[in-house]
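Novice: Pasting a structure below so you can have a look.
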Amino acid sequence: MLPSSAALLRWYDRHRRTLPWRALPGRTADPYHVWLSEIMLQQTTVAAVIPYYRRFLDLFPTVEDLARAEPDTVMAAWAGLGYYARARNLHACSRAVAAAGGFPRDMAGLLALPGVGAYTAAAIAAIAFGQPVVPVDGNVERVTSRLFALADPLPGSRKTIARHAATLNASAAARARASDFAQALFDLGAGLCTPRQPACALCPWRDSCAGLRQGIAASLPAKAPRAARPVRHGVHFLLTDASGHVLLRRRPEKGLLGGMLELPGTDWRDTPWTGSEALAFAPADADWRAAGRVSHVFTHFTLHVDIYAARVGHFPNTMARTGGMAVAHADLDMSALPSLMRKCVAAGWPATEA
DNA sequence: AAACCGGGGCC
DNA sequence: GGCCCAGGTTT
């Protein structure tokens, strides 16, 4: 038995989430709002996104405002949200859209934008422009694999799941409300068809769910086992001067934490650093003291960082030549730092008070 | 196809 | 400690 689009939409009309980027019922969402939220929501929870989304709209009310901003301003506003390539692509995309006079309304045009892949293009097309496409995110993969009892493991099953998901909006009811239908699938996955202990008894699609009928819904989607996460080690240096400035530098544009500020330090390697080894990477000759230890989990490794702290009268003036060093106020806005570096500064800061 | 790319909340 | 999150890009 095919699931009823009308039943899902009735459920959505009663239980839809109110979110800052969503249009009020019966209204059409602003494409800029939809796009900005979708980029932020990539691999990121709604709760984590909301304060960043509000801050961005405050700083950059329109896509033209974002396009006019300096890259550093955008990166600083993104700091803490993670996956920093998103921020660079976001800015590049804003400039392309501003130059073109607005967002493309079709899938091909959306897919050509930097940072916009198959999912995000479909989400914008459906939510902002009412096109009858089904954006397949983690929620929709979960709902679909359960509804059709697709038991093959991700990520190999991704294309099969997407093919089934694309059939969900075949009815006239779904296509007449493409924006609501897409968001209804999200809310179903986020509210009822959850990863653990789905609330099948409340689900508008319970009578057509093969996963529920077979008693395997909660175990879907199956996932292939993941490789173990290795451990790496690094040392970073918290150097302050007499006026309370902290020495920072900018990371390379590409790679991990690309383009973000950091405390100077060693590279991150498989084996721990000894103190004498690490001091060769110190940004100045000073009375370095062990000042704490920080652990941080990245997607594909765990990092342990030893912090060394020292205070000097003034920063060495060789810094500009030796590493593109940047200086910032200590009471600055830690908000411009990625989370790892916020932890490092916080861990080493007491040692700078002496 | 696989690897790379953050961070936080929850169990 | 593992899993999950409104994934995209690069190799």
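Novice: Taking the Cα atoms only, what angle lies between the long axis of helix A:31-40 and the longest principal axis of chain A, rounded to 10 degrees?
Specialist: With rounding to tens, the tilt is 60 degrees.
Novice: Could you work out how much longer the chain between A:Ser339 and A:Ala85 gets when fully extended? Use 0.36 nm per residue separation minus the Cα distance between them, nm to one decimal. Could you put the intermediate results ahead of the total?
Specialist: Numbers: separation 254, 0.36 × 254 = 91.44 nm, distance 1.54 nm.
This chain segment gains 89.9 nm when fully extended.
Novice: Additional query: How big is the range A:240-282 by the Kirkwood estimate over distinct Cα pairs, in Å?
Specialist: On the way: mean 1/r = 0.0816 Å⁻¹.
Result for the range A:240-282 stands at 12.3 Å.
Novice: What list of ³J(HN,Hα) couplings, whole Hz, do you get for the range A:170-179 from phi and the Karplus terms 6.51, -1.76, 1.60, once you set θ to phi - 60° and write x for glycine and proline?
Specialist: Karplus-based 3J(HN,Hα) across the range A:170-179 equals 5, 6, 4, 4, 5, 6, 6, 10, 4, 5 Hz.
Novice: Can you work out the Karplus-derived ³J(HN,Hα) for every residue in the range A:234-246? Use 6.51 cos²θ - 1.76 cosθ + 1.60 with θ = phi - 60°, whole Hz, and x for glycine or proline.
Specialist: Each residue's phi maps through the Karplus curve to give x, 10, 10, 10, 9, 9, 10, 10, 4, 9, x, 8, 10 Hz.
Novice: Roughly how tilted is helix A:85-100, in degrees to the nearest 10 and between 0 and 90, from the longest Cα axis of chain A?
Specialist: 60
Novice: I've got another one for you. What share of the DSSP beta bridges in chain A is antiparallel, in percent to the nearest 5?
Specialist: Numbers: 18 of 29 bridges.
That works out to approximately 60 percent antiparallel.
Novice: How long are the semi-axes of the equivalent ellipsoid of the range A:155-299, taking √(5λ) for every eigenvalue λ of the Cα gyration tensor, in whole Å from largest down? Mind dumping the intermediate values first?
Specialist: Numbers: eigenvalues 545, 75, 43 Å².
Sorted largest first and rounded, they come to 52, 19, 15 Å.
Novice: Spelling out what I want: for every residue of the range A:116-121, take phi, set θ = phi - 60°, compute 6.51 cos²θ - 1.76 cosθ + 1.60 (Karplus), and round to whole Hz; glycine and proline get x.
Specialist: 10, x, 4, 5, 5, 4
Novice: Using the basic label-point model (7 angstrom from Cα toward the beta carbon), what is the A:Arg158 to A:Arg289 distance in nanometres?
Specialist: Rounded to a tenth, the inter-label distance reads 5.0 nm.
Novice: Over the range A:1-102, what lengths in whole Å, largest first, do the semi-axes of the equivalent ellipsoid take, defined as the square roots of 5 times the eigenvalues of the alpha-carbon gyration tensor?
Specialist: Numbers: eigenvalues 173, 49, 32 Å².
Its equivalent ellipsoid spans semi-axes of 29, 16, 13 Å.
Novice: Show the residues, 5+ positions off or on another chain, whose built amide H is closer than 5 Å to the amide H of A:Val231.
Specialist: A:Thr302
Novice: Quick one: A:Ser37, A:Ser4, fewest Cβ neighbours within 10 Å first, how do they rank? List each step's numbers first, then the result.
Specialist: Working: A:Ser37 24, A:Ser4 17.
With the fewest neighbours first, A:Ser37, A:Ser4 line up as A:Ser4, A:Ser37.
Novice: I would also like to ask the following. Lysines within cross-link reach of A:Lys254: Cα-Cα under 25 Å, excluding same-chain residues under 8 positions apart?
Specialist: Straight-distance partners of A:Lys254: A:Lys343.
Novice: How big is the equivalent ellipsoid of the range A:85-237 along its three axes, where each semi-axis is √(5λ) from the Cα gyration tensor, reported in whole Å from largest to smallest? Could you put the intermediate results ahead of the total?
Specialist: Numbers: eigenvalues 177, 132, 32 Å².
They are 30, 26, 13 Å, listed from largest to smallest.
Novice: Rounding to the nearest 10 and keeping the result within 0 to 90°, find how far the Cα-based axis of helix A:46-59 lies from the longest principal axis of chain A.
Specialist: With both axes taken from Cα atoms, the answer is about 70 degrees.
Novice: Sorting A:Trp205, A:Trp11, A:Trp35, A:Trp268 on the 10 Å Cβ count, fewest up front, what's the list?
Specialist: Numbers: A:Trp205 23, A:Trp11 20, A:Trp35 27, A:Trp268 17.
Fewest to most other Cβ atoms nearby, the residues stand as A:Trp268, A:Trp11, A:Trp205, A:Trp35.
Novice: If you don't mind, there's one more thing I want to ask. Would you calculate a helix-derived [θ] at 222 nm for chain A, using -39,500 (n - 2.57) for each DSSP H run of n ≥ 4 and dividing by the full residue count, to the nearest 500?
Specialist: It lands at -11500 deg cm²/dmol.
Novice: Further, regarding this structure: Taking chain A as a Gaussian network, where each spring joins two C-alpha atoms under 10 Å apart, which residue of A:Ala108, A:Ala182, A:Ala174 fluctuates the most?
Specialist: Of the options given, A:Ala108 has the highest mean-square fluctuation.
Novice: On a C-alpha basis, how far is the centre of the range A:180-229 from the centre of the range A:4-62 in Å? Whole number, if you could?
Specialist: The distance from the Cα centre of the range A:180-229 to that of the range A:4-62 comes to 21 Å.
Novice: For A:Lys159, give me every one of the lysines with a C-alpha distance below 27 angstrom, ignoring sequence neighbours fewer than eight places off in its own chain.
Specialist: Partners within reach: A:Lys223.
Novice: Then there's this: Give me A:Leu59, A:Leu247 sorted ascending by neighbouring Cβ count inside 10 Å, so fewest comes first. Display every interim value, and only then the final one.
Specialist: Numbers: A:Leu59 14, A:Leu247 24.
Ordered by Cβ neighbours within 10 Å, fewest first: A:Leu59, A:Leu247.
Novice: Over 5 Å intervals from 0, what percent of Cα-Cα pairs in the range A:231-352 sits in each interval?
Specialist: Values per bin, smallest distances first: 2, 11, 23, 27, 22, 11, 3, 0.
Novice: Counting Lys and Arg as +1 and Asp and Glu as -1, each charge on the Cβ, what is the dipole of chain A about the Cα centre in debye, to the nearest 20?
Specialist: Details: 38 positive and 27 negative charges, 261 e Å.
For chain A, the charge dipole is close to 1260 debye.
Novice: Find the Rg to Rh ratio for chain A, where Rh is the Kirkwood radius over alpha-carbon pairs and Rg uses the same atoms. If you can, show how the numbers build up before the last one.
Specialist: Values: Rg = 24.2 Å, Rh = 22.9 Å.
Rounded to two decimals, Rg over Rh is 1.06.
Novice: Whose amide H sits under 5 Å from the amide H of A:His245, counting only residues 5 or more places off or on another chain, with H placed in the peptide plane?
Specialist: Placed amide hydrogens put A:Ala330 under 5 Å from A:His245.
Only the coordinates and a few stated rules stand behind these numbers; no lab work does. Quick caveat: nothing in here was measured; it's all calculated off a predicted structure. Don't worry about glycine lacking a Cβ; one is built from the backbone with ideal geometry, like all the others, and counts go over all protein chains shown.
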